[in-house]
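Peer 1: Below is the structure I would like to discuss, written out as structure tokens.
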Amino acid sequence: MEVACGYTIPITLYGLPPSPEDHLKGMQIVGKAGFKAIELEFTDHLVPAHRRDLPKMKSILKEYGMRCASIMAVEEHMFSVDPGIKRQAISDFDAITDLIAELSCPMVAICGYMPPEIRPKGTELYVGGPPTAVTVGDDFSWPKFWSNAVDLVRRLAETANSKGLTLTVETRANDVFSSTDAVMNLLRESGAKNAGVILDVAHVHAGKEYLALVIPKLDGLIKLVHLSDNDGTNAYHYSPGQGNIDFPAVISSLKRAGFDGFLVVDTAGVPNIVEEAVRARDYYQGLIAAVPA
């Protein structure tokens, strides 16, 4: 296992989404902090700027000897049942995955963002996080929504696979697919090939799921792991030690499950975010070396 820096660090520094210029600054800050792997996000309406800046991104990765572990395709309306919005989302995903492939990044990620048919009600716990509550109209149909989501994931997986990429869905409490079972069902019913999950331990913990059970349950589906801490009441993304997640047990369970991918520092919204990210990296690296399977 290897520790990478999550995109929550640039988001904490610059907001969501960071401007194209701040996106590049964030990459440089992560490189200067000594990280050798980084997670990024590409936002649908910024695709032209991301395409323009691709040579600069490649240059930054090369300068600091960094690899790109995963890139999130940020499309907040992708799960809409509106055919026009869905077509545009698929087109944007195609463009984003072209850029991801050019960066030699092996993985494209998505979240279960709330589409226009499900309206946020309440505030997010950290910048970029899911809402704390939602409302739906009287005409909302879960079977229609679910069938559409299954079809969308199938098509996104086909696009990703055609470019040699693995599609992953992040496990986030309060997302439209708010449990690990929901994400597993989504992937199974879609028939997606070469697909899996990003295990976000802070979200799973806040969703009142037992990490000791979730990790063996997900088994080979885990492609990437997000690490941050909380006390289980809400999906805050604190530094390790500021909550009650048993990280030695998490690392041990991942080792027993045969996971050997990236552990991502996913701390968000805390003061001195870069220093906290470095501290978290050193802590997690120490656990990798010390904790037995």
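Every number in this text was worked out from the coordinates using simple rules, so none of it is lab data. From a predicted model like this one, the values you see are computed outputs, not experimental measurements. No Cβ is skipped: glycine too gets one built from the backbone with ideal geometry, and neighbour counts run over all protein chains shown.
Peer 1: Over region 2-290, calculate the relative contact order: mean separation of alpha carbon pairs under 8 Å at least 6 apart, over the residue count, as a percent.
Peer 2: Rounded, it is 19 percent for region 2-290.
Peer 1: Going 7 Å from the Cα of Gln285 toward and past its Cβ, which residues in region 13-45 have a backbone nitrogen under 14 Å from where you end up?
Peer 2: 31-38
Peer 1: Report, in cubic angstrom per residue, the convex hull volume of the C-alpha atoms of region 56-188.
Peer 2: 119 Å³
Peer 1: Residue separation times 0.36 nm, minus the C-alpha to C-alpha distance between Lys208 and Glu102: what's the value?
Peer 2: Answer, rounded to one decimal: 34.3 nm.
Peer 1: Fully extended, how many nm does the chain gain between Lys255 and Arg52 (0.36 nm per residue separation, minus their Cα-Cα distance)?
Peer 2: 69.1 nm
Peer 1: For Lys193, which lysines qualify as cross-link partners when the Cα separation must be under 19 Å and same-chain residues fewer than eight apart are set aside?
Peer 2: Correct list for Lys193: Lys163, Lys217, Lys223.
Peer 1: Report the calculated FRET efficiency for Phe140 and Lys193 (r = Cβ-Cβ distance, R0 = 30 Å), to the nearest 0.05.
Peer 2: 0.45
Peer 1: I would also like to ask the following. Using packing as a proxy for protection, rank 3-9, 254-260 so that the peptide with the highest average count of other Cβ atoms within 10 Å comes first.
Peer 2: Packing proxy ranking, top to bottom: 3-9, 254-260.
Peer 1: Do any cysteines in the chain lack another Cys Cβ under 4.7 Å, and if so which?
Peer 2: Singleton cysteines: Cys5, Cys111.
Peer 1: Let me ask something else about it. In angstroms, what radius of gyration and Dmax does region 2-290 have, counting Cα atoms only?
Peer 2: Taking only Cα atoms of region 2-290, I get Rg and Dmax of 17.8, 54 Å.
Peer 1: Counting other C-beta atoms within 10 Å, and keeping those with at most 15, which DSSP coil chymotrypsin sites (Phe, Trp or Tyr not before Pro) do you find in region 96-163?
Peer 2: Sparse-neighbourhood loop chymotrypsin sites (Phe, Trp or Tyr not before Pro): Phe140.
Peer 1: Now a separate question. Quick one: dipole size for region 2-290, taken about the Cα centre, charges +1 on Lys/Arg Cβ and -1 on Asp/Glu Cβ, in debye to the nearest 20.
Peer 2: Rounded to the nearest 20 debye, it is 640 debye.
Peer 1: Using DSSP, restrict attention to beta bridges with both residues in the chain and report what percent are antiparallel, rounded to the nearest 5.
Peer 2: So the antiparallel bridges amount to about 10 percent of the total.
Peer 1: What whole-number distance in Å separates the alpha-carbon centres of region 204-234 and region 119-166?
Peer 2: Value for the Cα centre distance between the two parts: 20 Å.
Peer 1: Report the far tail of the P(r) of region 140-273, meaning the percent of Cα-Cα pairs longer than 21 Å.
Peer 2: 43 percent
Peer 1: Let me ask something else about it. Could you bin all the Cα-Cα distances of region 200-293 into 5 Å bins starting at 0 and give me the percent of pairs in each, rounded to whole numbers?
Peer 2: Answer for region 200-293: a P(r) of 2, 15, 26, 27, 20, 8, 2, 0 percent.
Peer 1: How about Lys86: which lysines have a C-alpha closer than 20 Å to its C-alpha, ignoring those fewer than 8 places off in the same chain?
Peer 2: Lys144
Peer 1: Given N residues in region 249-293, what is its alpha carbon radius of gyration divided by 2.2 N^0.38 Å?
Peer 2: Taking N as the residue count of region 249-293, the ratio is 1.27.
Peer 1: Please state, rounded to one decimal and in Å, the Kirkwood hydrodynamic radius that region 54-118 gives when every pair of distinct Cα atoms enters the mean of 1/r.
Peer 2: About 13.1 Å, per the Kirkwood formula over Cα pairs.
Peer 1: Next up: Just to verify a number: FRET efficiency for Gln28 and Ala95, C-beta to C-beta distance, R0 = 30 Å, to 0.05?
Peer 2: 0.75
Peer 1: Of Pro292, Ala157, Asn244, which is farthest towards the positive pole of the chain's charge dipole, taken about the Cα centre with +1 and -1 on the beta-carbons of Lys, Arg and Asp, Glu respectively?
Peer 2: Pro292
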